[in-house]
1. Evaluate the relative contact order of segment 56-179 (contact order divided by residue number), counting alpha-carbon pairs under 8 angstrom at least 6 apart; express in whole percent.
2. So if we plug the beta-carbon distance of Asp253 and Ala155 into 1/(1 + (r/R0)^6) with R0 = 35 Å, what FRET efficiency do we get, rounded to 0.05?
3. Run through every distinct alpha carbon pair of segment 95-165 and return the Kirkwood hydrodynamic radius in angstroms, one decimal place.
4. Once amide H atoms are built 1.01 Å from N in the peptide plane, which residues 5 or more positions from Leu202, or in another chain, come under 5 Å H to H?
5. Using 1/(1 + (r/R0)^6) with R0 = 30 angstrom and r between the beta carbons of Phe267 and Ala12, what's the FRET efficiency to the nearest 0.05?
6. Mean separation of Cα pairs under 8 Å and 6+ residues apart, divided by the residue count of the chain: what relative contact order is that in percent?
7. Where is the GNM fluctuation largest for the chain (alpha-carbon springs, 10 angstrom cutoff): Val98, Val125, Val159?
8. What per residue convex hull volume, in Å³, do the alpha-carbon atoms of segment 71-193 yield?
Amino acid sequence: GSTAGASGIELAYQMAQQAFIPKGINRILLATDGDFNVGISDFDSLKQMAVDKRKTGVSLTTLGFGVDNYNEHLMEQLADAGDGNYAYIDNLREARKVLVDQLGSTLAVVAKNVKLQVEFNPAQVSEYRLLGYENRALKREDFSNDKVDAGEIGAGHTVTALYEIVPKGEKGWLEPLRYGKPASVASGTTGELAMLRVRYQLPEGGSSRLIERPITGDSVGKASDDLRFAAAVAAFSQQLKDGRYTGDFSLKDTEALARGARGDDRFGLRAEFVQLVELAQSLRTTTASNSEPCLLYTSDAADDGESV
């Protein structure tokens with residue numbers, strides 16, 4: 001019932017330093033539910049420990065287990081602070097994917113402090129919102145600051161950032177501004193939808209490198225299976241929360257989108273996601289059909305069995 005997480009991590013860092021391999025992969029795999037209740041347990045101190053230790057060249061990967069007292073926020077943020085990655089292991093299939101099939105990409109970092117910035121052309125896009133990444137958002141001035149930490153990319157890894165946009169002239173989420181300035185169009189950018197900037201450092205560090213690519217209307221075509229499936233996952237997460245932005249897009253629509261975009265499902269994980277959406281539909285249907293009010297009686301032995 002006791003978990004001295006901080007002391008366990010400190011011991012792991014000590015052992016990693018003793019066996020340190022110059023120019024090699026030096027990483028700790030922390031498997032826990034994150035419910036640290038002995039020793040250092042406050043969030044900021046644990047994160048600062050990971051920040052300090054990553055400077056020694058040892059990174060930290062966190063593997064989450066359990067359901068009752070599981071602290072996902074701590075696990076994800078610890079991995080981010082420790083220049084590692086995070087995964088939740090809930091069954092053998094997920095463990096095999098993370099620790100066997102994708103182990104090389106999990107351990108071998110090909111780019112450090114990767115930052116992405118998207119600037120939308122106001123002449124083409126009137127409103128936009130980023131889906132997720134709330135705890136990874138950076139200030140605009142931090143994009144070019146190499147001292148500000150960001151995420152790492154492993155060999156073979158891909159990163160997907162989904163934006164929902166409102167084309168110019170279409171109704172969005174916000175009421176129009178009475179005194180808003182009309183969008184100005186820079187010369188030579190009329191055909192551009194947005195500008196994508198990617199900044200990263202090589203694994204050994206040094207000054208960051210910048211990649212800039214305009215996204216034009218011509219580059220917008222039929223979505224791939226991967227992108228469509230990612231959109232289904234994003235829709236499902238919003239529907240589970242409150243469905244504020246999904247409108248009339250139902251769980252059944254999410255299931256159909258995911259089922260039609262499964263593609264080459266090598267690990268069976270996409271099929272598992274479809275099953276989760278089906279389960280959510282059945283639970284919602286059951287809840288709706290059993291929505292009649294009811295009165296629950298309980299008895300208290302200390303009150304001579306009187307019903308309350």
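1. Contact order relative to length: 26 percent.
2. Approximately 0.50, to the nearest 0.05.
3. 14.5
4. So Leu202 has HN proximity to Lys112.
5. About 0.55, to the nearest 0.05.
6. RCO, the chain: 12 percent.
7. Val159
8. 183
The values are calculated or read from the model by the stated rules, or taken from the named source; none is laboratory data. What you are looking at is a predicted structure, and each value in this text was computed from that prediction instead of being measured. Backbone-built Cβ (ideal geometry, glycine too); neighbour counts: all protein chains shown. Heads up: the accessible areas ignore ligands, DNA and RNA and are worked out on the full protein's heavy atoms, side chains in. Shrake-Rupley method; radii C 1.70, N 1.55, O 1.52, S 1.80 Å.
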